[in-house]
Structures are given as structure tokens and as C-alpha cells.
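*Asks:* Quick one: structure below, then a few questions.
The values are calculated or read from the model by the stated rules, or taken from the named source; none is laboratory data. Here the structure is a predicted model, which is why all the values come from computation and not from measurement. Cβ: placed from backbone, ideal geometry, glycine included. Neighbour counts: every protein chain shown. Side chains are part of the model used for accessible areas, which takes the heavy atoms of the whole protein and leaves out ligands, DNA and RNA. Shrake-Rupley method; radii C 1.70, N 1.55, O 1.52, S 1.80 Å.
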Amino acid sequence: MTDKDTGTGAAAGTGEETGVGTSAGTGAGAGLTPVSRLDPRYSDETAVAIPWPDAEALLAAAELFWISTVRPDGRPHVTPLPAVWAHGALHFCTGPDERKAKNLAHNPNVVLTTGTNIWDKGYDLVVEGEAVRVSDDGRLRELAAAWRTKYGDFWHFEVREGYFHHGPGHAVVYAVAPHTVFGFGKGEPFSQTRWRFT
């Protein structure tokens, strides 16, 4: 299997690109029907692309993501974090002095990855997009409630002046509406699907 973005392949082995599912909200992937493509080069003959709503549900349920950003000198930086799916985008927060926040100031392109660390079981997802800061207090209060609902009282944030506040510190919140999502089915059958938002 590979995460290579290719121009070949077929949705469910038909040789055609097919739109599946929708997501509501704002941003690159919000309210759009993504074009899905199952890549037969990295998929078993019996594999089919899972519907986008199923992939969206996996993103919403996932508790841990690995975020990849790029340092100003071009070196990659990867770190784990929690994230919330809302309004057709993944949302994460970080302290303004943390490495990933500094990286995003120079380059907003990110990759968020989630799944399992077992090679032949589960389903992995890779979300590519741009991190856009969320600073509207009303939207931040909605997201703070979503964090607490998903992760519990430890992740309780107060919202003031465009930031999450937790204890003595504050955090910047970002939204990543997907440009492209890759899905990797592992084990009977193996599959590689790409959803592209146009």
C-alpha cells in the first residue's frame, strides 16, 4: 500500500469517478460531494470504496490524530493531538508558541492522520488541507462544547477574545477543511481510496 496520489484507478472497480456523500458547513470540504476513486493498483479485486459518510463518521469518532507541518527550513514536524470534526472540517488547537503554530505561520498546509497501528486490521485516514485560524468567539464556544462532549471534562476550554483558555495558558484553534482524503482498508480486503474535494 502507498499514500501516493495517482491519476489512475476506479471507483469500486468501474473505471469511473463517482461522487459520494456530503458534509455540511463551511470550508474547502464543507457542503461538497467529494469525488471518490478506488485505486486498483493498491486494492484487492473484491475491494470497493467505502461511502464518504462512513469515512466522515470515522473522522468524527477518532480520538487521536498525528499532525504533520513544515518548519520554515523545510524539515517536517509531526506530533499527536486530539481533534474534533465539525462543519466539514477537522479542528485542533495549539499554544501560539508551540512548534506547529510557528510552522503554520509560514506554511498553512497540513496533513492529519488517524487509524490503527495494526497493519492488517482497521481503517486509516489521511486528511490533506490548509489550517485556517478560527477566532470567532461564537464558533469557538460551539467547538469548546464539542471538545468537552468528545473528550470529557479534562478538555474544558473557556473562550475569550478569539482563543481557547485552559488554566493559565491559551490556545489558537484551527480548522482544516479537506482538499483530499486518502482511506486505507487493511486486511480482507485491502483497499486504497481517494476522496477529492473540488
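*Asks:* Residue by residue through segment 150-167, what is 3J(HN,Hα) from phi via Karplus (6.51 cos²θ - 1.76 cosθ + 1.60, θ = phi - 60°)? Round to whole Hz and write x for glycine and proline.
*Replies:* For segment 150-167, the Karplus curve yields 7, 10, x, 5, 4, 9, 9, 10, 8, 10, 8, 6, x, 9, 7, 10, 9, x Hz.
*Asks:* Something else: Rounded to a whole number, what % of the accessible area of segment 44-150 do carbon and sulfur atoms account for, probe 1.4 Å?
*Replies:* Here it works out to 53 percent.
*Asks:* For segment 188-198, take each phi angle, set θ = phi - 60°, evaluate the Karplus expression 6.51 cos²θ - 1.76 cosθ + 1.60, and give the result in whole Hz per residue in order, putting x for glycine and proline.
*Replies:* Ordered by residue, 3J(HN,Hα) equals 4, x, 6, 8, 9, 10, 10, 10, 10, 9, 10 Hz.
*Asks:* Near the amide H of F65, under 5 Å away, which other amide H atoms are found, from residues 5 or more places off or on another chain, if H is placed in the peptide plane?
*Replies:* HN-HN under 5 Å from F65: L81, A83.
*Asks:* If each of E158 and W119 carries a label point 7 Å out from its Cα toward its Cβ, how far apart are those two points in nm?
*Replies:* About 5.0 nm separates the two model spin labels.
*Asks:* So, for segment 45-164, what is the accessible surface per residue at a probe of 1.4 Å, expressed in square angstrom?
*Replies:* Heavy-atom SASA per residue in segment 45-164 reads 53 Å².
*Asks:* Using a Förster distance of 25 angstrom, determine the FRET efficiency expected from the C-beta separation of E142 and A60, and round it to 0.05.
*Replies:* Efficiency, from the Cβ-Cβ distance: 0.95.
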